[in-house]
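Report on the structure given below.
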Amino acid sequence: MDPVDLLLHPVRLRIVHAMSGERVVTTSELVARMPDVSKATVYRHVALLADEGILEVDGEQRVRGFVERRYRLRRERAVIDAETAASATRDQHRGVFPVAMAVLLAEFNAYLDREGSDPTADLVGYRQHAIWLSPDERAGLIDGLRRVIGPLMVNRPTPERAPHLLSPILFPISEPVQGPPSAEGPEPRAEPGEM
C-alpha cells in the first residue's frame, strides 16, 4: 500500500501517535486509549500497519487462551519523506488536511473525556495568530521550530513525561498586500493566555 494512503487515515494516524517514543503496546491498550473507536476497527488497523511493516511484533503472551502481541512502531517507516510531500498535488493536500484535522478533533475529545482532564492545568493551547512574514522570515520561523521541536521528538517515555500532540499548521491566508503599510499602524496583538 502507498505510504501516504497507509498513514493518512485518522485511526491509523492515531495509532502511530499513541506509539511514539518507542512505546511498546498491545492492541487492547490501544483500544483503551481510543474509546471512541470500536475494538474491531483498532484490531483491523493494527493488523494492516503490522502487515505493511509500520508496526513490528515486540513479543507475545497468552492471555485467557488468546495470544496477545506487543507492538513497537518502526519510526523510519512511519514517515512521509520530503520528496513525496513536495510532489503532492493540491487535491492531495485537500485530502490530507481534513485527516489531520479529524485526528486533532478525535484526540482532543478523547483527552476531554478522560477523567481528571484539566485544560487549564495541562496548559492546553489552540491559539491562532495571523502573522505577516517575508519569505526569509517564514523560512527562519520554520527553521527555529525545527530546532526547538526536533530534539524533543526523540524523547522516550519516563514517569515524569506525558505524551502531547503538537500540530503546527502554517499557510498563507491571503495574497501579499501591494503598496505601503497602513498608516493606522499594526493590528492589535493577542496577549499571552488569550485564546
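The values are calculated or read from the model by the stated rules, or taken from the named source; none is laboratory data. A quick note: this is a predicted structure, and the numbers were derived from the prediction, not measured. For neighbour counting, all protein chains shown are included, and Cβ atoms are generated from backbone atoms with ideal geometry for every residue, glycine included.
Inspect segment 13-33 for any residue being within 26 Å of residue 152 (Cα to Cα) and among the acidic types (Asp, Glu) and give the result as yes or no.
yes
Among the residues of segment 54-98, write down those that are part of a helix (DSSP H, G or I) and under 17 Å from residue 23 (Cα atoms).
Hits for segment 54-98 are 75, 76, 77.
With respect to residue 16, is the statement that it is under 15 Å from residue 107 (Cβ atoms), modelled with pLDDT of 90 or more and part of a loop (DSSP other than H, G, I, E, B) true?
The answer is no for residue 16.
Given the criteria in a helix (DSSP H, G or I), touching a Lys or Arg at 6+ places or on another chain (Cβ under 8 Å) and over 23 Å from residue 168 (Cβ atoms), does residue 30 qualify?
Spelling it out, it is not the case that residue 30 is in a helix (DSSP H, G or I), touching a Lys or Arg at 6+ places or on another chain (Cβ under 8 Å) and over 23 Å from residue 168 (Cβ atoms).
Would you be able to say whether some residue in segment 108-131 is surrounded by 11 or more Cβ atoms within 10 Å (Cβ to Cβ), modelled with pLDDT under 90 and either more than 24 Å from residue 14 (Cβ to Cβ) or touching a helix residue (DSSP H, G or I) at 6+ places or on another chain (Cβ under 8 Å) (or both)?
Yes, segment 108-131 has at least one match.
Out of all the residues in segment 5-52, which are within 21 Å of residue 94 (Cα to Cα) and either surrounded by fewer than 16 Cβ atoms within 10 Å (Cβ to Cβ) or under 13 Å from the mean Cα position of the chain (by Cα) (or both)?
5, 7, 8, 9, 10, 11, 12, 13, 14
Count, please, the residues in segment 61-72 that happen to be in contact with a strand residue (DSSP E or B) (Cβ under 6 Å, 6 or more places away or on another chain) and not aromatic (Phe, Trp, Tyr).
Count: 6.
I'd like the full set of residues that are closer than 24 Å to residue 30 by Cβ and surrounded by fewer than 14 Cβ atoms within 10 Å (Cβ to Cβ), limited to segment 83-99.
98
Those residues that are without any contact (Cβ under 8 Å) to a residue 60 or more places away in the chain and under 18 Å from the mean Cα position of the chain (by Cα), I need them from segment 82-100; list them, please.
82, 85, 93, 94, 97, 98
Working only within segment 109-127, note down all residues that are hydrophobic (A, V, I, L, M, F, W, C), without any contact (Cβ under 8 Å) to a residue 40 or more places away in the chain and in a helix (DSSP H, G or I).
112, the sole residue that qualifies.
In segment 132-142, how many residues are surrounded by 10 or more Cβ atoms within 10 Å (Cβ to Cβ) and either charged (D, E, K, R) or within 24 Å of residue 16 (Cα to Cα) (or both)?
3
Need the failing condition index for residue 75 against (1) at pLDDT 90 or above; (2) within 14 Å of the chain's Cα centre (by Cα), just the number.
It is condition (1) that residue 75 fails.
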